[in-house]
There are 2 protein chains.
Amino acid sequence: MSDDRRLDVLRAIVQDYVQTHEPVGSRVLVERHSLGVSPATIRNDMAALEEAGYIAQPHTSAGRVPTDKGYRLFVDRLSRIKPLSAPEAKAIQVFLESAVDLDDVVDRSVRLLAQLTHQVAVVQYPSLRRSALRHLELVPVTDRRLLVVIITDNGRVEQRVLDLDDPLPGHVVPELRARLNAAVAGRRLVDLPEPLELMVTQFPAEDEALVRRVIRVVEDTLAEATEERIVMAGTANLARSGTDFTQTIRPVLEALEEQVVLLRLLTEMADDSAGVSVRIGHENQHAGLSETSIVAAGYGGDGEAVARIGSLGPTRMDYAGTIASVRAVARYLSRVLAG
Amino acid sequence: MSDDRRLDVLRAIVQDYVQTHEPVGSRVLVERHSLGVSPATIRNDMAALEEAGYIAQPHTSAGRVPTDKGYRLFVDRLSRIKPLSAPEAKAIQVFLESAVDLDDVVDRSVRLLAQLTHQVAVVQYPSLRRSALRHLELVPVTDRRLLVVIITDNGRVEQRVLDLDDPLPGHVVPELRARLNAAVAGRRLVDLPEPLELMVTQFPAEDEALVRRVIRVVEDTLAEATEERIVMAGTANLARSGTDFTQTIRPVLEALEEQVVLLRLLTEMADDSAGVSVRIGHENQHAGLSETSIVAAGYGGDGEAVARIGSLGPTRMDYAGTIASVRAVARYLSRVLAG
DNA sequence: GATTAGCACTCGGAGTCGGTGAGTGCCACC
DNA sequence: GGTGGCACTCACCGACTCCGAGTGCTAATC
């Protein structure tokens, strides 16, 4: 009873099933893969694999289908992810580098990933929390309205309008702008509170209220988790032909529209692993995603990722290829943002 | 042969079919609508309506279904759009007004519309071309990199990084910023070229190249039609249960992901009419949308719309309700952006 | 002890076939 | 012009059969 061969059989089942979308039987298995034994032997192995919970049969007279547990084993131990070819890699790089701004980079990344994996791709915008501030700009709109523009080092821009109770003294703005930027530039968000607090004391008492309001807006804006944005592409891939996945589309689309769900998911996966991480079927708590797998990776930042990208599809997906694509796009995305 | 009654019959057919999603026969028609005549009479009318191309039968022994032409007549002449109730209107207003910035307004609008119509909603970002500039900001990032931030009167923000050949003389930036804003503030994009050109001449010759580059970037950014962005929501509504529309999902999703397609569509519809306009089934050239109808309206700007919103669903949709919702959201959106 | 050949068995899917009923078109009549 | 009546059509449904892929088991073989 060779354990190695059983794993070979599991690998073969996963590969075949991913390719054909049909339960795979013992005969086709020995035909398509050179396993060197007869169907009967395979059947014994399959019985053992089923006993162990790695595969299941939809109904008595059908072939076997991998279970979530089977996919998990496959992903963890049985698949080798082949790196992309040199031309592919080059194409990715060129495509991303020709983006004009952050929105464009993100947009291109998500489309690219959707196209590479033939699945739904999601890209999270670089987190404000973890980015450093490049510049703060104050623009008086009227004498009671102040526009605050926040620019981060990776090119993200946020703006807020501030309604003031009292008219704005003209002289304050330039000074406030200068001091704010001095206090803030280059620092990461988490490091902000103290220098800002220190700064307030340097203003005359009558301006303190205003200064505090501006600081408040900046902090609020940067702290708002709701501002985490996600873009996605490739939803049409969900509706691929010839698959019962069609029945599952609705809940998946609903989950995808709930950015909160996606964000939590990506965040959880960030804890799983530093590199590429995979969630398979029921490993996702969210009910609508129980027949869905997600492959995600962080990007940006050295060491600590600034945000994440992911690819989402039926559990029956090409894990090796998807993992390779996700990793590649994440890598080039990091490179482009750093450059 | 009363022409009026025939139209009543058509109206009844459309209403019933939209509600039940099943071909409607002469009997149920007289049962559900008080038409005051017998099924046989209705059958005669139906024969005439079919002859005229307003309805069709899927197969011989089935009831009738409206054709695109039938829907068109219904929309143009037979449906009265009931305004939303006061509480509904109030809810919309409150919901939109509590948005914190432009992104948030757009995001809320599109979700709201999707929820109101139970269909896919799309919202086009306010066009840069037609907006006026509120402020231009120049931020030196390094001595060879200049960040240009463009802020419009409706809150949209665009940024571009400018790579310079020569190091940036420190003194130029503040002056350039001041002059640019003086030349530009409050003007609409189409009116920009001359004042900018005029401005260049006021700089010393050695700075002219730099000034021209900055101006160039501004003009390019604003001119780029590709920068027109669209957001959408409610794609899950496409996968509603109990409808053959399920088969049509794929091409629709594909069309929706091609922002270009959507943009062209919305633009074309802008030509159709100033108010709410409707495209039904084959009236859309795009192949994937031949079983889809779109209801769109402009928003923002007085008189001339700054961008558009729309709702998209199967031709078999509740036109009266959708039109009412689209119009309402467009109106409140305009109000929020103006305020 | 592992592998294999052979064989009986199971059961989903595809194909066939009337029965049923909704709906129509037409005709004669009011 | 409107209506009742009637013959006709045809998609849908359930029952039934047939087929074959695939299995598990047992006994023979390496």
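Read the figures in this text as sums done on the coordinates, not as results from a lab. Keep in mind that what you see is a predicted model, and the values were worked out from it rather than measured. Every residue, glycine among them, receives a Cβ derived from its backbone with ideal geometry; neighbour counts consider all protein chains shown.
Would you work out the relative contact order for the range B:68-167, in percent, from Cα pairs under 8 angstrom that are 6 or more residues apart?
The normalised contact order for the range B:68-167 reaches 16 percent.
Principal axes first, then extents: for the Cα atoms of chain A, list largest minus smallest coordinate on each axis, whole Å, largest first.
For chain A, the Cα extents along the three principal axes come out at 89, 39, 34 Å.
Work out the charge dipole of the range B:69-149 with +1 on the Cβ of Lys and Arg and -1 on the Cβ of Asp and Glu about the Cα centre, then indicate which of B:Pro83, B:Ala114, B:Gln93 is farthest towards its positive end.
So the residue we want is B:Pro83.
On average, how many beta carbons from a partner chain sit within 10 Å of the beta carbon of a residue in B:255-262?
Per-residue shielding by partner chains comes out at 2.
I'd like to know which of B:Pro195, B:Pro126, B:Ala185 lies farthest towards the positive end of the charge dipole of the range B:117-217, counting +1 on Cβ of Lys and Arg and -1 on Cβ of Asp and Glu.
B:Pro126
Taking a label point 7 Å from Cα toward Cβ, how far is A:Arg27 from its twins in the other copies, in nm, shortest first?
Result for A:Arg27, in nm, nearest copy first: 5.1.
Using the Kirkwood formula over every pair of different C-alpha atoms, what hydrodynamic radius in Å results for the range B:9-96?
14.4
Which whole-number percentage describes the relative contact order of chain B, with Cα contacts under 8 Å and a sequence gap of 6 or more? Show your work: numbers first, answer last.
Values: 510 pairs, mean separation 64.6, N = 339.
It comes to 19 percent, rounded to a whole number.
Rounded to the nearest 20 Debye, what is the dipole magnitude of chain B about its Cα centre when Lys and Arg each give +1 and Asp and Glu each give -1 at the C-beta?
1280
Along Cα→Cβ at 7 Å, what distances in nm separate the B:Asp191 label point from those on the other copies, shortest first?
For B:Asp191, the other copies' label points sit at 4.6 nm, shortest first.
How many nanometers, to one decimal and shortest first, lie between the label point of B:Ala47 and those of its other copies, if labels sit 7 Å from Cα toward Cβ?
Nearest to farthest, the other copies are at 7.1 nm.
Return B:Glu283, A:Glu219 ranked ascending by Cβ neighbour count within 10 Å, so the fewest neighbours appear first.
Taking fewest neighbouring Cβ atoms as first place, the list is A:Glu219, B:Glu283.
Using the Kyte-Doolittle scale, which helices in chain A average at least -0.5 and also have C-alpha atoms spread 15 Å or more along the helix axis, with helices defined as whole DSSP H runs?
Span-like helices here: A:39-51, A:86-97, A:102-117, A:172-184, A:208-223, A:245-257, A:259-272, A:319-338.
How high is the FRET efficiency from A:Ala205 to A:Asp76, r the C-beta distance, R0 60 Å, rounded to 0.05?
Working: r = 63 Å, r/R0 = 1.05.
Once the sixth-power term is evaluated, E becomes 0.45.
Would you mind listing how long the protein assembly as shown runs along its three principal axes, going by Cα atoms, in whole Å with the largest first?
If we take the Cα atoms of the protein assembly as shown, the spans are 85, 81, 45 Å.
Convex hull over the Cα atoms of the range B:250-339, averaged projected area in nm²?
The directionally averaged projection comes out at 5.6 nm².
In the range B:100-237, what is the volume of the convex hull around the alpha carbon atoms, normalised per residue and reported in Å³?
Taking only Cα atoms, the range B:100-237 has a hull volume of 120 Å³ per residue.
Taking the Cα centre of the range B:125-219 as origin, work out the dipole magnitude from +1 charges on Lys and Arg Cβ and -1 charges on Asp and Glu Cβ, in debye rounded to 20.
500
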